[in-house]
Amino acid sequence: MKERIAITGIGVVSPAGLKKETFWANLKAGRSFVDEIKRFDASLYPSRIAGQVHELDTYSHLSSRLLKKIDVFSHMALVASNEAIKDAHLDLEKVDKERVGVFMGNALGGWLFAETELRDMYMEGREGVSPYMASAWFPAASQGQVTIYYGFKGYSKTIVADKASSALALWYAAKTIIQDKNEFALAGGMEAPITPYALLCANTRGGLSKNNLNFKKAYRPFDLYRDGFVLGEGSGMVILEREDDAIKRKSHIYGFIKGVGFSCDGVHRIRYSLNTEALEFAINECLKECEWEKEEVDYICLDGEATILGDILEAKALNSIFGDKLKEISLSAPKSMLGNLLGAQTSLDLIATLLSMQNSLVLPTINFQEKDPHCDIDCTPNYPRERKIKKALILARGRGGINVVLGVEKE
Amino acid sequence: MGIKEDVLGIICKTLDVKEEEVAPDKTLYDSLGVDSTEMVELRVAINKSLEINLEGNEITNRHSPNQIIEIVAQKK
């Protein structure tokens, strides 16, 4: 990218909390926020555990008139957006709303709303369907609701790219600021997959842990006894702006999006390629765009899918690129505590990385018991480690090998 | 209850607003920012509750509550 873009506000709705302070304190403690799904009868699902948000209503600022029109994934996005705007001290009276864009990543859409209304349609006929169904369920609904709520009219987009959705949304947002299409961008993602139908689809897709009995220990990337990832729900939103503007506004700058690399495996609609060329290409492109030498990278936030293939390929690509230097870099998958938020995951990975930079602490990969001999990496098992982080890479891989790597720096 | 009270009650319940927020002679768009989707919900609620058959655009967000009461009264 021609210039780096400052991140000046963060908002989080996660299984580990809805305030950045709580979120950080909980992640630092290395606790699992995975729980059994109890909000509907999930007893017959092969995977029936998830990282869930329990306090959304407590922290919500929305009217009941609005809430009945939107799905919970938009509710999460609106709450996270509100936190990010407040955190960035954006004066909504003064900002030019024609130049504020909203960029969101999402994989599944709003199924709680859709399932309920489809059931009503078959039970009661067309009159039984809420008219808000038309605008509540689809992946771009949350972006629409946020732009309407704040009156933002800048260039905006929703990206659907499985687990790489919010990584691409963040990149796209930064690009529009560099191109001077926007002055500010509200960017991130949201996902609410803990509904009967969405959970069914996620189970059919495969890759989920079935360790239902020992659910706190179920999500264990790079561990020999892993059996897949655990779903999570929530939203992460950040405010992006030009570095000069942020300095002029005297904003607190958490860090900068410096570069991005992406590629697609292009071999199968779901599976990754068995060779790591495309993933390595994305990592190398990101390093090139950031103008970083390999040894300058302090931290890599891992994709950590916790599938045999996903972990082995990720470890192999990193070893291939960094070689012996990989031992000097801290690596971890904090998502092992939260569950994987699919389309929203990278936005929370970014926020966790920024807070790690701020606190000079590498968050752990929890539930690590025994090293997989095919994954030759140190993933910061179970306990955080003190370390100054100036430069970090964040890896995201979507179905079929959509590879996105974000480069983030502190100073 | 008369039609007026019925319609006002449905407006308040459907739009989730208090009776004092409803301006009888202002359009629903101007007074409460009601959008076209909310109008669909309101029309369906009135039809169901008062057992009448208002079609697509017979009531819109450019009508005031008093105008809607009049239209409903003609249907009864």
Selection count where residues are more than 17 Å from residue B:60 (Cβ to Cβ) and within 13 Å of another protein chain (Cβ to nearest Cβ), scope region B:6-34: 6
Test: residue in region A:114-121 that is within 14 Å of chain B (Cβ to nearest Cβ) and either closer than 29 Å to residue A:404 by Cα or not hydrophobic (A, V, I, L, M, F, W, C) (or both): yes
Residue in region A:270-289 that is nearest to residue A:81 (Cα to Cα), counting only those that are assigned to a loop (DSSP other than H, G, I, E, B) and in contact (Cβ under 8 Å) with a residue 40 or more places away in the chain: A:270
Residue under evaluation residue A:144, criteria (1) more than 14 Å from every other protein chain (Cβ to nearest Cβ); (2) within 22 Å of residue A:175 (Cα to Cα); (3) more than 18 Å from the chain's Cα centre (by Cα), criterion not met: (1)
Top-ranked residue in region A:271-285 [being buried (at least 23 other Cβ atoms within 10 Å of the Cβ) and not aliphatic (A, V, I, L, M); ranked as farthest from residue A:257 (Cα to Cα)]: A:272
The lone exception for residue B:7 - which of (1) within 10 Å of the chain's Cα centre (by Cα); (2) free of Cβ contacts under 8 Å to residues at least 60 places away in the same chain it fails: (2)
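None of the figures in this text is laboratory data; all of them are computed from the coordinates on show. Predicted, not measured: the structure shown is a model, and the values here were computed from it. We place every Cβ from the backbone using ideal geometry, glycine too, and count neighbours over all the protein chains shown.
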